[in-house]
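Undergrad: Could you have a look at this structure, given as structure tokens, before my questions?
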Amino acid sequence: MAAPTPPPENAIVRWIDSRLPIFGFVKHHLQDYPTPRNLNYLWNFGSIAGIMLVVMILTGVLLAMQYTAHVDLAFNSVERIMRDVNYGWLLRYLHMNGGSFFFAAVYLHLLRGMYYGSFKAPREILWWLGIIILLLMMATAFMGYVLPWGQMSYWAATVITNLLSAIPVVGNDIVTWLWGGFSVDNPTLNRFYALHYLLPFVIFAVVFVHLWALHTVKSNNPLGIEPKKQQDTIPFHPYYTVKDLFGFGMFFLVYLAVVFFAPNLLAEPDNYIPANSLVTPAHIVPEWYFLPYYAILRAVTINISIPFTGIVLIPAKLGGVIAMFGSILILFFLPWLDSSPIKSGRFRPIFKQLFVLFVVDCIVLGWVGANRPDEMLMMGPDMGIPYLMIGQVATLYYFGHFFVLLPLLARFEKPRPLPDSISAAASGQG
């Protein structure tokens, strides 16, 4: 156990801390916090995601001061930010590309947790809070994508919100409430602007609870075994603060290189055309971080019916919506779908191979989502595979990984023996 925190030497700090123990709190949770001594650089992405959240909130607040949420003025107000506001171009490019890098950090953080078993007991609630943050991020990003009021913004809002009409009984009411009327128009833009401004602060609050849960159950580590003695842990500062700073530096080098040298690398050209409800883009494409879910949505093309009766239980449109949302909600049940007592993938040889296949499958889904479903991957002059078919196979594997492979692995896989302790493994004696 960590030694009790001694009282501050400075009299003023001692006086403040006796009435509001903020310095003691910071020292206990950010300096003396006992951390497993074997964390690798994959653990940096949680801290990086936190920094990116701060960047997104600060740049978002500054942009909101210059943005006008009106269908007749929104597009031009964004152009004014880019051309007339001092360093407005920098603020917008930091915010626009920051969303992509924020998602990249969170996805890597999520995959690290899946590989090293950070969702297993006693960290289930910590894992759930992380998934809630991801869902809030998706809602925030979607609403933010609508605000520039370009062609892709308008039609993405129209198509995605229309999907909710597939929900029985209440679907049309939900769509009407989101639109604020009977089509995507000025009330829609105002609602999305208000929610896009509000939700980051909700995310910040959930992140605080996420960190609270983390400091309650402590960090997982690459070995997936709990610290057994004092030699298994080291103080968070200076060891991991220095490591995090190095990770920040490398991450921000790439982030700022995109901002300054290729700011529109991840942008859609059609979104630089003002929204026009009479002209539909040839191919409506969401941001890259939504592409796998978009491919899953399109993969469901048949109605689920009662055989020989013609009674449709689940229409294809509703089935696609269920599959899309289910692909994220399934993560809430991961602690029970993967019931292996071994946390880390390092000691699970078959799981390690299947995890690589799962990551490849997610990349394939993203690639399929970026292509039109009616086009084909040409394998020769007269032979090709429809992208829709590839997406359907990848979708089947995605759900099969969770519902079939992980439960079977927990039952039949023979893992390698675990080390005696973290310190023993670090010293080569485990």
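The values are calculated or read from the model by the stated rules, or taken from the named source; none is laboratory data. Keep in mind the model is a prediction, meaning the values are calculated, not measured. Neighbour counts are summed over all protein chains in view; Cβ atoms, including those assigned to glycine, are modelled from backbone coordinates with ideal geometry.
Undergrad: Tell me, yes or no, whether segment 224-238 has at least one residue that is touching a helix residue (DSSP H, G or I) at 6+ places or on another chain (Cβ under 7 Å), acidic (Asp, Glu) and assigned to a helix (DSSP H, G or I).
TA: Yes: one or more hits.
Undergrad: Val393: in contact with a Gly (Cβ under 9 Å, 6 or more places away or on another chain) and either modelled with pLDDT of 95 or more or among the acidic types (Asp, Glu) (or both), yes or no?
TA: Spelling it out, it is not the case that Val393 is in contact with a Gly (Cβ under 9 Å, 6 or more places away or on another chain) and either modelled with pLDDT of 95 or more or among the acidic types (Asp, Glu) (or both).
Undergrad: Something else: So for segment 88-97 (the condition being outside any helix (DSSP H, G or I) and surrounded by fewer than 16 Cβ atoms within 10 Å (Cβ to Cβ)), does at least one residue qualify? Reasoning before the result, please.
TA: Of all residues in segment 88-97, those outside any helix (DSSP H, G or I) come to none.
Within segment 88-97, none of the residues are outside any helix (DSSP H, G or I) and surrounded by fewer than 16 Cβ atoms within 10 Å (Cβ to Cβ).
Undergrad: I would also like to ask the following. Just give me the residues in segment 156-187 being more than 18 Å from Ala316 (Cβ to Cβ) and not in a helix (DSSP H, G or I), in sequence order.
TA: Val169, Val170, Gly180, Gly181, Phe182, Ser183, Val184, Asp185
Undergrad: Could I ask something else about it? Return only the number of the condition from (1) over 24 Å from Phe260 (Cβ atoms); (2) under 28 Å from the mean Cα position of the chain (by Cα); (3) in contact (Cβ under 8 Å) with a residue 60 or more places away in the chain that Asp32 does not satisfy.
TA: Of the numbered conditions (1) over 24 Å from Phe260 (Cβ atoms); (2) under 28 Å from the mean Cα position of the chain (by Cα); (3) in contact (Cβ under 8 Å) with a residue 60 or more places away in the chain, the odd one out for Asp32 is (2).
Undergrad: Counting just the residues of segment 105-130 that are within 19 Å of Trp288 (Cα to Cα) and among the hydrophobic types (A, V, I, L, M, F, W, C), which one comes out nearest to the chain's Cα centre (by Cα)?
TA: Just the residues of segment 105-130 that are within 19 Å of Trp288 (Cα to Cα), to begin with: 105-111.
Checking the rest, the ones that are also among the hydrophobic types (A, V, I, L, M, F, W, C) come to 105-106, 108, 110-111.
Values: Ala105: 8, Val106: 5, Leu108: 9, Leu110: 7, Leu111: 10 Å.
Among residues in segment 105-130 that are within 19 Å of Trp288 (Cα to Cα) and among the hydrophobic types (A, V, I, L, M, F, W, C), the one nearest to the chain's Cα centre (by Cα) is Val106.
Undergrad: Give me the pairs: first residue in segment 294-312 and closer than 13 Å to Gly366 by Cβ, second residue assigned to a loop (DSSP other than H, G, I, E, B) and not hydroxyl-bearing (Ser, Thr, Tyr), beta-carbon distance under 7 Å, and six or more apart or on different chains, which are they?
TA: Close Cβ pairs satisfying both conditions: Tyr294/Pro286; Arg298/Pro373.
Undergrad: Of the numbered conditions (1) of a type in the set (Val, Ile, Thr); (2) in contact with a Pro (Cβ under 9 Å, 6 or more places away or on another chain); (3) within 23 Å of Ala105 (Cβ to Cβ), Val254 satisfies every one except a single condition; which is it?
TA: For Val254, the failing item is (2).
Undergrad: In the list Pro269, Pro307, Pro281, which residue meets the criterion of being surrounded by 13 or more Cβ atoms within 10 Å (Cβ to Cβ) and farther than 30 Å from Lys120 by Cβ?
TA: Values: Pro269 fails: surrounded by 13 or more Cβ atoms within 10 Å (Cβ to Cβ); Pro307 fails: surrounded by 13 or more Cβ atoms within 10 Å (Cβ to Cβ).
Within the list Pro269, Pro307, Pro281, the selection yields Pro281.
Undergrad: Regarding segment 116-136, can at least one residue be identified that is at negative phi, assigned to a helix (DSSP H, G or I) and polar (S, T, N, Q)?
TA: So in segment 116-136, the residues at negative phi come out as 116, 118-136.
Keeping just the survivors that are assigned to a helix (DSSP H, G or I) gives 116, 124-136.
In the following step, the residues that additionally are polar (S, T, N, Q) were identified as none.
No - not one qualifying residue is present in segment 116-136.
Undergrad: Kindly indicate which of Leu195, Leu178, Leu214, Leu199 is hydrophobic (A, V, I, L, M, F, W, C), under 16 Å from Val71 (Cα atoms) and under 25 Å from the mean Cα position of the chain (by Cα).
TA: Leu178
Undergrad: What tally of residues in segment 387-430 results from selecting those that are in contact (Cβ under 8 Å) with a residue 60 or more places away in the chain and closer than 17 Å to Phe333 by Cα?
TA: 8
Undergrad: Given Ala194, Ala156, which one is loosely packed, with under 15 Cβ neighbours inside 10 Å and within 28 Å of Ala49 (Cβ to Cβ)? So that I can check it myself, show each step before the final result.
TA: Details: Ala156 fails: loosely packed, with under 15 Cβ neighbours inside 10 Å.
Result of the check over Ala194, Ala156: Ala194.
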